Every structure is written in structure tokens, then in C-alpha cells.
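These notes concern the structure reproduced below.
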């Protein structure tokens, strides 16, 4: 499959999802059939190396393709698109580390196992965040106790924002091995695992977000939960440095896709309607801001494609788009009027959905801490 075929397939899927929008936006759960459909459409191949029959070449060469795919998907279903963004995001930890990690024992066998799982249609997600950590993985408190067998551990601790819980086959998380200075990355198998504590995982809070309401971003307690450590051990910071900018682009592209469909839908709804001075002004502001978020996303992508360390440019663009997207949807809601408060209107849902970008890693406080350090005046 090539990129053009993938995009055609995803446009068909997004069109189908769009025809069900009123029902989908009210869902508070995921449907595994959607992810099976996306696998059949070829989406999971974006995180499968070209040598294995997939579409992944490298971070600089593949980030734009995945952004375009997610942007299309987001026009159909916000929650499914966001959860789908997690799949290449966590797999990029392995995909971007190949040259650095290839000398590590078990690296090749672990990558081969992951590759086979993707080929088989398995989905990967993340449940990294912890309460009171502020989104900073370096503040991970979950404990990883060595178990029998190389790279095997038992995890104990609390996690939340597990987007895709119940629909993903594997989830990547962080934990800290006693005696080691920094946390590390681990994989837990979550598909069909009971949440009553009998298998090491207990549901402590169902996701009830104001936006992205169907992502099933539940909270859990782990108690001696079996996990596999990333074979490139003790490199959490380097893994994050390599993969972080790509992930920032992918999360952001979902939000840009939602703004795309919101602007298109608003234009269709307002066509032929006389606009007053206020409505005209707000529409012009929305159009201007939509142009700006497109330029910001392009800047993020060019940074990934051309810079050795694109982290600050990506963080700057992501933060700007988070602010502009919220502004655009608020303007559209005001222009269209009180009907946007109805759950029969898509705009109120989209407004809450785009607000989620500011809360995704890094969340507002952590994002601005990074920006303040990068742009400080000395």
C-alpha cells in the first residue's frame, strides 16, 4: 500500500464516521470494530517499517504522512482519531531508536515481536501519566520490581489518562526500578484483561471528560502487573527526545483536523445567511486563525524534517495551535448562535474536543515551563 491509497481509504472511513456524527459524538465508549476497520484500511501500516511491508521510513520522512492520515480521520471521529494517534506515538520509541539501540541485547527480538503484533492488527496505546505528576514522566512513582526472566517486571502504582483502555492490545507506561536513578519505559498487555484487580489492574475511575468523551481514558491501579521493559534500557530521556517532537505533531494534527471540519461545516451552515457586522468580524477572525494554525503545523513538520533537535519549534507550534483552535471554535459557536449549546449540534462537542490539546503531553504548565526556558531574555 502507498500513501495515496491509504488516504483514499481513510477518506472513505471518515466519510462513514461523519454520516454517524450525531450518534458518535454522544458516545462514551470506543468500538473495537472501528479499529479493526482502520487496520483493514491500512492505517496501522504507518508504524510498520517499509522493510516489513509498511509505510514507516524514518521520523523526518514519515511524520507528515501520519499527520495527514490523522487529520483526515479527525474529520470523522475526534475520539477515534486521538486514540489512533497513540499507536504510532508509542511505537516511535522503538522506530526512532534503531541505530542507537541495535547493540543492546534483546533489541532485535523485541522489535521483531512488536512488528509481528502490528502486522497481526494489534493496537498500541499509552497509560503513562500519574496523579500529581503534572504530566512529567520524570516524576513517575510506579515501582517496577524485577521478575523471573530478562526484561520481565511487576508494576505497582497509580496511572490515569489511559486513552484507548479496553480497545488497545498493548499499553506503554513508565515505572521506576528500585535503585535506578530514572524511570524507564515498559509494555503491558491489556487486551481482554479484567479490571477487578484479579489480573493486576483495577479500574479506579472511568473517563468522564468534557471533551474527547469516547476515548476511555480511564484511571487504574496496578498491583504486580506483569510488564516487559524496553530493551534499550535506561534511556528514557533519549527516547523522549527522539520521539517527542513526532508525537507533538501527531496529537496536534488531530486537533487541526477537527478545526478543518468545523470550519467547513460552519461555512456550509452559514451559506446564504445574511451576516451582521459582529458575525462577519468573528468569521474573519476565525478564517485568519485557521490560516495561522495551518502555518504553525507546517512549521512543526518542517522542523522535524530539517532540524537535528526540533523540540522547541514543535512545542511552540503545538501550544499556539492549542490556543488558536480553542479561539476558533468559540468564535464559530458565537456566530452560529444558541443552537450550539444543543447536543444535536456538533460545534459544542468540537469546542471541548479541541481544548484537549492543551492538556496533552506536555500539559499547559509543563509546556510553558519549557517555552519560558527556551525564550528567556538574558
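Couple of notes before you dig in:
- In the range 124-229, Cα pairs under 8 Å separated by at least six residues give a relative contact order of 31 percent.
- As a rough footprinting exposure proxy, the listed residues 126, 252 were ranked by other beta carbons within 10 Å of their own, and the order from fewest upward is 126, 252.
- Listing 196, 169 from fewest to most neighbouring C-beta atoms within 10 Å gives 196, 169.
- Normalised by the number of residues in the chain, the average gap of Cα pairs under 8 Å and 6 or more apart makes the relative contact order 18 percent.
- Three-way shape label, the range 1-42, alpha-carbon gyration tensor, a/c 1.5: oblate
- Dividing the summed -39500 (n - 2.57) terms of all DSSP H runs of n ≥ 4 by the residue count of the chain sets its mean residue ellipticity at 222 nm at -17000 deg cm²/dmol.
- If R0 is 56 Å, the Cβ-Cβ spacing of residue 58 and residue 288 corresponds to a FRET efficiency of close to 0.95.
- Residue of 116, 148, 57 that the Gaussian network model of the chain assigns the largest fluctuation, springs spanning Cα pairs under 10 Å: 148
- Note on the chain: antiparallel DSSP beta bridges, both residues inside, total approximately 85 percent of the bridges counted.
- Percent of Cα pairs exceeding the 41 Å cut-off, where the set is the chain: 11 percent
- Over the range 236-374, equivalent-ellipsoid semi-axes from the Cα gyration tensor in Å: 32, 14, 12
- As a calculated quantity, the FRET efficiency between residue 120 and residue 269 at R0 = 41 Å, using C-beta atoms, amounts to about 0.45.
- For 111, 67, order by how many other beta-carbon atoms lie within 10 Å, fewest first: 111, 67
- Just checking the listed ones, 69, 303, 214: in the Gaussian network model of the chain with Cα springs under 10 Å, the one fluctuating most is 303.
- With 0.36 nm allotted per residue and the present C-alpha distance subtracted, the residue 152-residue 32 stretch has 40.4 nm of extension available.
- Once the chain from residue 132 to residue 210 is taken as fully extended at 0.36 nm per residue, the excess over their C-alpha distance is 26.1 nm.
- A Gaussian network model of the chain, with springs between Cα atoms under 10 Å, assigns the largest mean-square fluctuation among 259, 13, 50 to 50.
- 5 Å-binned pair-distance histogram of the range 3-119 (Cα, whole percent): 2, 11, 22, 23, 17, 11, 8, 4, 2, 1, 0
- Normalised radius of gyration (Cα atoms, divided by 2.2 N^0.38 Å) for the range 172-295: 1.62.
- Here the contact order of the range 236-374, divided by its residue count and restricted to Cα pairs under 8 Å and six or more residues apart, works out to 32 percent.
All of the numbers you see were taken from the coordinates with simple rules; none came from a lab. Bear in mind the structure is a predicted one, so any value in this text is a computation, not a measurement. Neighbour counts run over all protein chains shown; Cβ positions are idealised from the backbone, glycine included.
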